[in-house]
Amino acid sequence: MMKLHWSPKSPYVRKVLIVGQETGQLDTFEKVRSVAAMLKPNEALMRDNPLSKIPTLVLDDGSTLFDSVVICEYLNDRAGGTFFPTGDAKWPALRWQALGDGMLDAEILWRNERERSDASRSDVLIAAFETKTIAALALLDGEAEALASTPFAIGHVAVACALGYLDFRFDAFGWRARAPKLAAWFATVEARDSYRDTSPDLGE
């Protein structure tokens, strides 16, 4: 059986779990709780991923795959799924995935900076991360109709995980008021079993 290094609160792991559930593969890997703190490399995790990052997937033959982009594509191909479209649909899907992942990168750095002590916290960095997030939300709000009219794929997963992380870590930010059309689309994703079942609030 494959092994997935995971944490219930990681939005990148959530991407993998959503694709795994949507493609019927959750029972093909064992979830191994792995802490991947930025300032404290995990020696056990580094045996499978020298970067000490999650998600990391260990295949049946002992080889490894890491980061959510690669693991999601592997699971999709393994199941003959449609989460990575071909033809004209490919580039919007990959672009949305890049945007969702980029939002997550900014949100995580934003949270890390926010959690620093007053003496070391940079208000300039916090403002920059917030500005980027607001701009991304504005762009996605303008593309909400396209998201809604396009079959659910990897771009939708990434964007949904970025919005879910805002709900989880930045509730007071109130992103829905800034992007009401995007919020309406997101409500349809929240109704999917794969999204509900991977909520960080259900973490072990």
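The values are calculated or read from the model by the stated rules, or taken from the named source; none is laboratory data. This structure is a prediction, so every number in the text was calculated from the model and none was measured. Here the Cβ is made from the backbone with ideal geometry for all residues, glycine too, and neighbour counts use every protein chain on show. Only protein heavy atoms, including side chains, enter the accessible area calculation; ligands, DNA and RNA are left aside. Shrake-Rupley method; radii C 1.70, N 1.55, O 1.52, S 1.80 Å.
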ask   = Can you run phi through the Karplus equation (6.51, -1.76, 1.60; θ = phi - 60°) for the stretch 141-156 and list ³J(HN,Hα) in whole Hz, with x for Gly and Pro?
value = 4, x, 10, 4, 5, 5, 4, 5, 8, 9, x, 4, 9, 4, x, 5
note = On the formula 1/(1 + (r/R0)^6), with r taken between the Cβ atoms of residue 150 and residue 170 and R0 of 30 Å, the FRET efficiency rounded to 0.05 is 0.70
request  = For the chain, give the share of DSSP beta bridges that are antiparallel, in percent and rounded to the nearest 5; count only bridges with both residues there.
outcome  = 60 percent
query = With θ set to phi - 60° and the Karplus curve 6.51 cos²θ - 1.76 cosθ + 1.60, what are the ³J(HN,Hα) couplings of the stretch 13-29 in order, to the nearest whole Hz, using x for Gly and Pro?
reply = 4, 4, 4, 5, 5, 5, 5, x, 6, 5, 9, x, 10, 4, 8, 9, 9
ask   = Put +1 on the Cβ of every Lys and Arg and -1 on every Asp and Glu Cβ in the chain; which of 23, 83, 131 then has its Cα farthest towards the positive end of the dipole?
value = 131
request  = Go ahead and run the numbers for FRET between residue 78 and residue 125, Cβ-Cβ distance against an R0 of 45 Å, rounding to 0.05.
outcome  = 0.70
ask   = For the stretch 81-112 and the stretch 20-75, what is the separation of their C-alpha centers, rounded to whole Å?
value = 19 Å
request  = Using only the C-alpha atoms of the stretch 76-133, find the volume of their convex hull and express it per residue in Å³.
outcome  = 82 Å³
request  = At 0.36 nm per residue, minus the direct Cα-Cα distance, what do residue 37 and residue 188 gain on full extension? Give it in nm, one decimal, please.
outcome  = 51.1 nm
note = Computed for the stretch 143-204: size of charge dipole around the Cα centre, +1 on C-beta of each Lys and Arg, -1 on C-beta of each Asp and Glu, debye to nearest 20, value 240 debye
message = Using only DSSP helix segments of four residues or longer, with each worth -39500 (n - 2.57), what per-residue ellipticity at 222 nm results for the chain after dividing by its residue count and rounding to 500?
response = -17000 deg cm²/dmol
message = Using only the heavy atoms of the protein chains and a 1.4 Å probe, how would 91, 96 rank by accessible area, largest first?
response = 91, 96
remark   = By the C-alpha gyration tensor axes a ≥ b ≥ c (rounded if a/c is under 1.5, else prolate when a/b exceeds b/c, else oblate), the shape of the chain is oblate
ask   = Size of the stretch 44-114 along its principal axes in angstrom, Cα-based, largest extent first?
value = 39, 38, 13
query = If you roll a 1.4 Å probe over the stretch 1-82 with all protein chains in place, what percent of the accessible area is carbon or sulfur?
reply = 55 percent
request  = Using amide H atoms built 1.01 Å from N in the peptide plane, name the residues 5+ places from residue 31, or on other chains, whose amide H lies under 5 Å from its own.
outcome  = 4
ask   = For residue 51 and residue 117 in one chain, what is 0.36 nm times their gap in residues minus the Cα-Cα distance, to one decimal in nm?
value = 21.1 nm
message = Could you work out how much longer the chain between residue 202 and residue 88 gets when fully extended? Use 0.36 nm per residue separation minus the Cα distance between them, nm to one decimal.
response = 37.4 nm
ask   = Non-local amide H neighbours of residue 56 (under 5 Å, H modeled in plane, Pro and chain starts lacking H): which ones?
value = 5
note = For the stretch 178-183, Karplus-derived ³J(HN,Hα) couplings (6.51, -1.76, 1.60; θ = phi - 60°; whole Hz; x for glycine and proline) come out as 7, 9, x, 5, 5, 4
request  = Please work out whether the stretch 129-204 counts as rounded, prolate or oblate from its C-alpha gyration tensor, where a ≥ b ≥ c are the square roots of the eigenvalues and a/c under 1.5 means rounded, while otherwise a/b larger than b/c means prolate and anything else oblate?
outcome  = oblate
Residue (of 11, 36, 147) at the positive-pole extreme of the chain, dipole from beta-carbon charges = 36
